[in-house]
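Quick notes on the structure that follows.
Rule-based calculations on the coordinates, nothing more; no lab input. This one's a predicted model, so the numbers in the text were calculated from it and none came from an experiment. As a convention, Cβ positions derive from the backbone with ideal geometry for all residues, glycine included, and neighbour counts pool all protein chains shown.
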Amino acid sequence: MFQMDKLLRDNIRQLVPYSSARDEFKGEAHVFLDANENSLGSPLTRWYNRYPDPLQWKLKEALSRVKGIAPQHIFLGNGSDECIDILYRAFCIPGKDNVIINPPTYGMYEVSAHINDIEVRRARLLDDFQLDLVHLENLVDENTKIIWICSPNNPTANSMNRQDVEIILNNFNGLVVIDEAYINFSRHRSFIQELPDYPNLVVMQTMSKAWGLAGLRLGMAFASEAIIDVYNKVKPPYNISQATQELALQALEETEQVNDMIRALVNMREQLHQQLAVLSVVKKIYPSDANFLLVKVADARAVYHYLLDKGIVVRDRSKVELCEGCLRITVGTEPENRELLEALARYPGA
Ligand SMILES: *Cc1c(COP(=O)(O)O)cnc(C)c1O
């Protein structure tokens, strides 16, 4: 059985969190002399001389309408990076606990583990890039706190089989984190709606991809109230700036424009896939549920440098397990995709 309180580190269970001026006074007032802000204002606008809402309620209410989940099930982080790091700091004891990743996958799960001195166990994906449940189960011991699942996965671009994920959710007594950074480009359903069934589930999303706001740094975690309370206890008090809160709110009013971009990017992905497939330098293109393609080419390192020489930078994944000979190519604008295709068509070895 999953018991969140038992999973938590002792120091976090006992932690008395920082109490900010904004936490201690929440009523009506018109003279604010409680937070040592600059009462005269700032060179920008008067808004920014005040500390922001530590729990970002207005933004969470807007998000709640878009995502169909109550605000108290939402945590907002300074990028997904912060959503990842806090789970390590709250649940994993350095030098003792371990987590499981399914490589090839997103690099931050491992980097953040190493920063926190947490052991990383690797259940490599199967040849079809699906989860290896047998290997996963063998790696779990009493110190395994988190299983990281990235779906759609970076860099392989596929979604994990839903049944496999459900088997893990039903059988693992630690946290199961599903990173859905690319979910908006996928045909598959988010796991957000399954949260009531799984107290051990954390779903991560981000404003960096489909929403086009990588520069804002806004990551989201959706989970039980108990887990969100832990997040809020451990996070820096003002982790999301006033500017970010305002701009994200503004963006959330433009869901139609974002949906248009998503549709366009998915169409362009399919078109790019077809156009790449006929080039002789291209050996294989994997199906994608994201806004990028994993492409196997004749000599990945050489093609990478050839493109770079033409001012086109893609991601060389050829040294990554199961991705031998592969480049990861983000779907660009129409002219960018055309430039890429023309360059590849003229590749000397091809
Ligand atoms: C891009 C990406 C993210 C986003 O990270 P941010 O810190 O929110 O920009 C998260 N997970 C995966 C797998 C990604 O590829």
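Okay, here's what the table says:
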{"item": "Potential lengthening between ASP197 and GLU225 on full extension [0.36 nm per residue; Cα-Cα distance subtracted]", "result": "8.8 nm"}
{"item": "Segment 4-253: relative contact order in percent, alpha carbon pairs under 8 Å with at least 6 residues between", "result": "24"}
{"item": "Estimated [θ] at 222 nm from DSSP helical runs (n ≥ 4, -39500 (n - 2.57)) normalised by residues in the chain, nearest 500", "result": "-10500 deg cm²/dmol"}
{"item": "Estimated dipole of the chain in Debye, rounded to 20 [Cβ of Lys and Arg +1, of Asp and Glu -1, Cα centre]", "result": "540"}
{"item": "Segment 233-350: relative contact order as a whole-number percent, Cα under 8 Å and 6+ apart", "result": "22"}
{"item": "Of VAL258, VAL66, VAL282, the one that fluctuates the most in a GNM where the chain has Cα springs shorter than 10 Å", "result": "VAL66"}
{"item": "Computed over segment 121-232: relative contact order in percent, which uses C-alpha pairs under 8 Å that are six or more apart", "result": "19"}
{"item": "For the chain, cysteines whose Cβ has no other cysteine Cβ within reach (under 4.7 Å)", "result": "CYS83, CYS92, CYS150"}
{"item": "Efficiency of FRET from Cβ geometry, GLU270 and ALA343, R₀ 25 Å, rounded to 0.05", "result": "0.75"}
{"item": "Label point distance in nm, ASN171-LEU126, each placed 7 Å from Cα along Cα→Cβ", "result": "1.3"}
{"item": "ALA70 paired with GLU336, simple spin-label distance in nm, labels 7 Å along Cα-to-beta-carbon", "result": "4.1"}
{"item": "Cα gyration tensor shape of the chain, rounded if a/c is under 1.5, else prolate or oblate by comparing a/b with b/c", "result": "oblate"}
{"item": "Stretch gain in nm, segment HIS135-ASN259, where the contour uses 0.36 nm per residue and the Cα spacing is subtracted", "result": "40.8 nm"}
{"item": "Positive-end residue, the chain charge dipole about Cα centroid, Cβ charges, pick of TYR106, GLN250, GLY219", "result": "TYR106"}
{"item": "Chain lengthening between TRP57 and MET1 when straightened (0.36 nm per residue, less Cα-Cα)", "result": "17.0 nm"}
{"item": "Long pairs among LYS67/LYS145; LYS6/LYS233; LYS58/LYS209; LYS26/LYS58, criterion Cα-Cα beyond 20 Å", "result": "LYS67/LYS145; LYS58/LYS209"}
{"item": "Backbone HN-Hα couplings from phi across segment 267-272 [Karplus 6.51/-1.76/1.60, Hz, Gly and Pro as x]", "result": "4, 5, 4, 5, 5, 4"}
{"item": "Label-point separation, GLN14 to GLU321 (7 Å along Cα→Cβ), nm", "result": "3.8"}
{"item": "Proxy reagent accessibility, fewest Cβ within 10 Å first, across ASP81, ASP97", "result": "ASP81, ASP97"}
{"item": "Candidates GLU246, GLU180, GLU37, ranked by Gaussian network fluctuation over the chain, Cα under 10 Å, top entry", "result": "GLU37"}
{"item": "Choice from LEU216, LEU279, LEU131 showing the highest fluctuation, given a GNM over the chain with Cα pairs closer than 10 Å", "result": "LEU279"}
{"item": "Global geometry of segment 256-345, whether rounded, prolate or oblate, following the gyration tensor of its Cα atoms and the 1.5 cut on a/c", "result": "prolate"}
